[in-house]
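Peer 1: This is the structure, below, for whatever I ask next.
Any read-out appearing in this document is the output of simple, stated calculations on the displayed coordinates, not a laboratory observation. Since the model is a prediction, treat every value here as computed from it, not as a measurement. We place every Cβ from the backbone using ideal geometry, glycine too, and count neighbours over all the protein chains shown.
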Amino acid sequence: MTLATATEPPVALPTAPRRGRGRTQLLPALAFLTPWLVGMVLFTFGPMLYSLYLSFTRYDLLSNPEWVGLQNYALMGSDPRFWKSVGVTLTYVVVFVPLLQVVSMLVALLLNSRLRFLTGYRALFYLPSLMGASVAVAALWRQVFGADGLVNAVLGLVGIENVGSWVGDPARALGTIITLNLWAFGSTMIIFLAGLRQVPRELLEAAEVDGASKIRRFFSITLPMMTPLVFFNVLMGTINAFQSFTGAYVVSGGSGGPVDSTLFYTLYLYERGFTQLQMGYASAMAWVLLIVLAVVTGIFFRSSRYWVHYGDES
Amino acid sequence: MTTTLSAPPQPTRVPRPWDARTQRPAGNRVVKGVIKHAVLLCVLLIMLYPLLWMVGASFRPGNQTFAGLSLFSDTYTLQNYADGWSVGNLNFSRYFVNSAIITIGQIVGNLVACSLTAYAFARLEFPFKRVLFGMVIATMLLPQHVTLIPKYIIFNQMGWVDTYLPLTVPHFFAVDAFFIFLMVQFIRTLPKSLDESARIDGCGHWGIFWRIIMPMSLPAIGTTAMFTFVWAWNDLLGPLLYLPSSDLWTVSLGLNSFLDQTGQSTYGTLFAMATLSLAPIVGFFIASQRLLVEGIATTGLK
């Protein structure tokens, strides 16, 4: 379930005689792996190296790339919109990822009981996560959080008037994107729910006998047992959040506005690369993103030994 | 798949000393259950209301699109749906066909390439297997933006921009590492004794893959197909880059362009097309609800 358990478990030697010589099955393996190996070279490692090279050049697709050394990276340091996009993205990640875990966990806890219509609830909570990245829902969001949108109509019912457009207000626009992606919490919730069902009831009952309150039982038993799943959900949530694109692009009409308040890193990268045709600068931005994500992932895996509990530990 | 079967009921449960404490009055439990349902329904209502409202608004005449909070209306019309297919210079029937072509291409590609790769990782022994599987995991975590620009440049030089090829062909080379991972995890749960008996009966690796592993991997295959469908159908960035001419646009691109030129008067039409664009997702979801929800729960896929 988690990345750490992904490596091959020790396999018992088969009793039947194997085909071919020795234990390895190199030729059949090559035959089965060829598409993937070709794809790795053509569509992953080749392009990665190419983009590393491009990040040291000035390139507009029309003339040949011109070597400029570290200039692109230096330019980033003094580019206010670059820093703005970093700020927007970090704010988004820091607010959205923890919020996503909390909401998912709360709903999963509510669903984790002998509830009637459980399958129905599960399906309905899950459904939005299949639509959260669609243009249709982002377009709907623009209406829902518009000046005459649903949110303001509801606020009007309780007497709060003249709130204005949410997507048009620099102070609130990022909040609408966070809500949009939070709306799709179902996939994270489903993983938590599956985990909650594995928590041994004996442990919880024993704690109850000892007089532990519900909250105490959650923090002392349930949550520690769920840490592998929390680890997985936070890791994937963070990686995805850094790359979030469609919601911000559609809600802001491609601009990252108003006044760059939703200028996600990926939006700015897209704008630099494909609107202004500064392929070198955009490649440098892509590599900065890669390095930041690698560092974040690395720290995360390192930290996991202090707070992630696997069941087989003594 | 233990999600629905957790804690099998114990038929003859020995009364335990603490039962007296855990058994609360029945009335209390009923009240708690009602509160739980009420909270869940409230959350669901808030979540799904915008979607329902959009569907409602798509059936209203143009001048009533924004008729307040209500889902319903005095008059219903299909006019928005009729208008939507060819609003302005847009051509949605074309876009739906394009989206379908690209989506089917990606599904076929992912199924073929990822299952072949997964079989090798799950069942064969070869040098550097752990390192190579580590690369599968690494590409899963790799931000797509790192390869975005060079891929665009390469496809541009190959003359593939403005064709479906950049959006479909890479999937025949197992670029979606997620699905390799998913299928490897699944195939590992299948008993190896079946492979062995097939081998004794004279099956080669291809025979084992095609006649034994694939038929037993239908849940993993279904999950892969479903998720590829959703990702391909929703994708905006890929089509935005590779499909500049409107003849090749997908539904996502069409909606995005429509949104840019929409005034208050055409919002109803936009909602009609947005509703239609979500319909296949809902349809597939209903058709495969159990598979999807349990597949995601057991593999951790988003």
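Peer 1: Would you calculate the separation in nanometres between label points at residue B:197 and residue B:49, each defined as 7 Å from the Cα along the Cα-to-beta-carbon direction?
Peer 2: So the label points at residue B:197 and residue B:49 sit 5.8 nm apart.
Peer 1: Kindly give Rg over Rh for chain A, based on alpha-carbon atoms, with the Kirkwood expression for the hydrodynamic radius.
Peer 2: Answer for chain A: 1.05.
Peer 1: A further question on this structure: Arranged by the count of other C-beta atoms within 10 angstrom, fewest first, what order do B:132, A:269 take?
Peer 2: Ascending Cβ contact count within 10 Å gives the list B:132, A:269.
Peer 1: How would you classify the stretch A:56-142 from its alpha-carbon gyration tensor, with a ≥ b ≥ c the square roots of the eigenvalues: rounded for a/c under 1.5, else prolate if a/b is greater than b/c, otherwise oblate?
Peer 2: It comes out prolate by the Cα gyration axes.
Peer 1: Now a separate question. Once Rh for the protein assembly as shown is found with the Kirkwood sum over Cα pairs, what is the Stokes-Einstein diffusion coefficient at 20 °C and 1.002 mPa s, in µm²/s?
Peer 2: Reported coefficient: 81 µm²/s.
Peer 1: Can you compute the helix-only [θ] at 222 nm over the protein assembly as shown? Use -39500 (n - 2.57) per DSSP H run of at least 4 residues, normalise by all residues, nearest 500 deg cm²/dmol.
Peer 2: Taken over the protein assembly as shown, the calculation gives -19500 deg cm²/dmol.
Peer 1: Using θ = phi - 60° and the Karplus relation 6.51 cos²θ - 1.76 cosθ + 1.60, list the HN-Hα couplings for the stretch B:177-183 in order, rounded to whole Hz, with x at every Gly or Pro.
Peer 2: Coupling constants for the stretch B:177-183: 4, 3, 6, 4, 4, 4, 6 Hz.
Peer 1: State to the nearest 20 debye the size of the charge dipole of the protein assembly as shown about its Cα centre, where the only charges are +1 on K and R beta carbons and -1 on D and E beta carbons.
Peer 2: 2000
Peer 1: Work from the charge dipole of chain B (Cβ charges, +1 for Lys and Arg, -1 for Asp and Glu, about the Cα centre) and give the residue of B:220, B:239, B:259 farthest towards its positive end.
Peer 2: B:220
Peer 1: Sticking with this one: Which whole-Hz couplings ³J(HN,Hα) result when phi for each residue of the stretch B:140-156 is put into the Karplus expression 6.51 cos²θ - 1.76 cosθ + 1.60, θ = phi - 60°, listed in order with x for Gly and Pro?
Peer 2: For the stretch B:140-156, the Karplus-derived couplings read 5, 8, 6, x, 5, 6, 5, 9, 4, 6, x, 4, 4, 4, 5, 4, 4 Hz, x marking Gly and Pro.
Peer 1: For the stretch A:160-314, what does the alpha-carbon gyration tensor say about shape, rounded, prolate or oblate, given a ≥ b ≥ c as the root eigenvalues, a/c under 1.5 as rounded, and a/b over b/c as prolate?
Peer 2: Note, shape of the stretch A:160-314 comes out oblate.
Peer 1: Using a 10 angstrom Cβ neighbour count of at most 16 plus a DSSP loop assignment to flag exposed GluC sites (Glu not before Pro), which longest range of chain A is free of such sites?
Peer 2: Value returned for the longest uninterrupted segment is A:1-160.
Peer 1: I would also like to ask the following. What is the order of A:308, B:39, fewest Cβ neighbours within 10 Å to most?
Peer 2: B:39, A:308
Peer 1: Something else: Straight-line reach from residue B:129: which lysines have a Cα under 19 Å away, not including same-chain ones fewer than 8 places off?
Peer 2: B:192
Peer 1: Additional query: Please build a GNM for chain B, connecting alpha carbons under 10 Å apart, and tell me which residue among B:42, B:203, B:114 fluctuates the most.
Peer 2: Top of the fluctuation ranking is B:42.
Peer 1: Something else: Would you list, by chain and number, the lysines whose Cα falls below 18 Å from the Cα of residue B:32, excluding same-chain residues fewer than 8 positions away?
Peer 2: Here the lysines satisfying the reach criterion relative to residue B:32 are A:214.
Peer 1: Pick from A:59, A:92, A:50: which is most flexible by mean-square fluctuation in a GNM of chain A where alpha carbon atoms under 10 Å apart are linked?
Peer 2: A:50
Peer 1: Another question, then. So, in Å, what gap is there between the alpha-carbon centers of the stretch B:265-280 and the stretch B:35-89?
Peer 2: Each part reduced to its Cα centre gives a spacing of 10 Å.
Peer 1: Stick to Cα atoms and the Kirkwood definition of Rh, then tell me Rg/Rh for chain B.
Peer 2: With Rg and the Kirkwood Rh in hand, the quotient comes to 1.08.
Peer 1: Run the quick spin-label model on residue A:52 and residue B:214: label points 7 Å from Cα toward the beta carbon, then report their separation in nm to one decimal.
Peer 2: Rounded to a tenth, the inter-label distance reads 3.8 nm.
Peer 1: Please list, ordered by chain and number, the residues whose modelled amide H lies under 5 Å from the amide H of residue A:58; skip anything fewer than 5 residues away on the same chain.
Peer 2: Here the answer is A:66, A:67, A:68, since their amide H atoms fall under 5 Å of that of residue A:58.
Peer 1: Specify the residue with the greatest mean-square fluctuation among A:298, A:273, A:87, computed from a Gaussian network of chain A linking alpha-carbon atoms under 10 Å apart.
Peer 2: A:298
Peer 1: Convert each backbone phi in the stretch A:204-209 into a coupling constant with the Karplus relation 6.51 cos²θ - 1.76 cosθ + 1.60 (shift: θ = phi - 60°), then list the ³J(HN,Hα) values in order as whole Hz, x for Gly and Pro.
Peer 2: Rounded to whole hertz, the list is 5, 5, 4, 5, 5, 4.
Peer 1: Let me ask you something else. Give me, ordered by chain and number, the residues 5 or more places off residue A:25 or on other chains with an amide H under 5 Å from its own placed amide H.
Peer 2: B:125, B:126
Peer 1: Please report the net charge: other residues with Cβ closer than 11 Å to the Cβ of residue A:280, K and R +1, D and E -1.
Peer 2: 0
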